[in-house]
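Notes follow the structure.
The values are calculated or read from the model by the stated rules, or taken from the named source; none is laboratory data. Just so you know, these numbers come straight off a predicted model, no measurement behind them. All Cβ positions, even for glycine, are placed from backbone atoms using ideal geometry, and neighbour counts span all protein chains on display. What goes into the accessible areas is simple: the full protein's heavy atoms, side chains included, and nothing from ligands, DNA or RNA. Shrake-Rupley method; radii C 1.70, N 1.55, O 1.52, S 1.80 Å.
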Amino acid sequence: LPPDHPASMHRYIQAHIVQRAGIVRTFLLDGTREETWKQAGTALSSAPIDVTFTGIGENGHLAFNEPPADFTTEDPLIVVDLAEQTRRQQVRERWFGSLDQVPRQAVTMSIRQILKARVILCIATGFHKAQAVQQCFLSEIRPLAPASALRLHPAATVYLDSSASKNLVGSPDPNG
């Protein structure tokens, strides 16, 4: 997506992090330019990452690494085919007006690259992600549950609201 598209990561980070935090210098990528993200991948491979921010999708994807995710690629950034469930989630979350408007592919950081960060901060909210959260954190670590890879990292923190965590043992009961 072009940087000015309402659903682009570029615009989201600018509006929700950069502007709110008063950050004055940024290096945000234009995902529509292959040359740009290939250069970014080279830079990612050559320097340590302090923190990675990511999310879990309804199907357990991690940063758009769709199931079955590639747990072996060393490529720092990869192009992935978005699952229809993920594309429908984008419409439900009102990033797009219709399924036809949702891109079929995305550029994302690979699972191995995410796990190279010193710290990982991850979020999942909403009842529609509860089953994926359960599969990723209470079942085996596997490509069919991409976010399960977070369990391999010594400094990954996952933030869940009570709806997303409802299927986990010891979760607070939203009904009291």
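Worth a mention:
- The range 75-120 - Debye-derived log10 I(q)/I(0), Cα point model, q = 0.26, 0.33 Å⁻¹: -0.86, -1.08
- Evaluating kT/(6 pi eta Rh) at 10 °C and 1.306 mPa s, with the Kirkwood radius of the range 1-56 over Cα pairs in the Stokes-Einstein relation, gives 126 µm² s⁻¹.
- Modelled spin labels at Lys38 and Phe127, positioned 7 Å past Cα toward Cβ, are 4.7 nm from each other.
- Given charges at beta-carbon only (K, R positive; D, E negative), |dipole| of the range 44-105 in Debye: 340 debye
- 10 Å binning of all Cα-Cα separations within the chain, expressed as whole percents from 0 upward: 9, 35, 39, 15, 1, 0
- For the chain: accessible area per residue (Å², 1.4 Å): 59 Å²
- Candidate lysines for bridging to Lys38, where Cα separation is under 27 Å - those fewer than 8 sequence places away on the same chain excluded: Lys116
- Two-site FRET efficiency, Leu138 against Ala83, from Cβ-Cβ distance with R₀ of 25 Å, rounded to 0.05: 0.70
- Ranking of Glu66, Glu93, Glu140 by solvent-accessible surface, largest first: Glu140, Glu93, Glu66 (1.4 Å probe, protein heavy atoms only, all chains present).
- About the centre of its Cα atoms, the range 13-159 shows a dipole size close to 420 debye [charges on the beta carbon of Lys, Arg (+1) and Asp, Glu (-1) only; nearest 20 debye].
- Within the accessible area of the chain, the carbon and sulfur atoms contribute 52%, probe 1.4 Å, all protein chains present.
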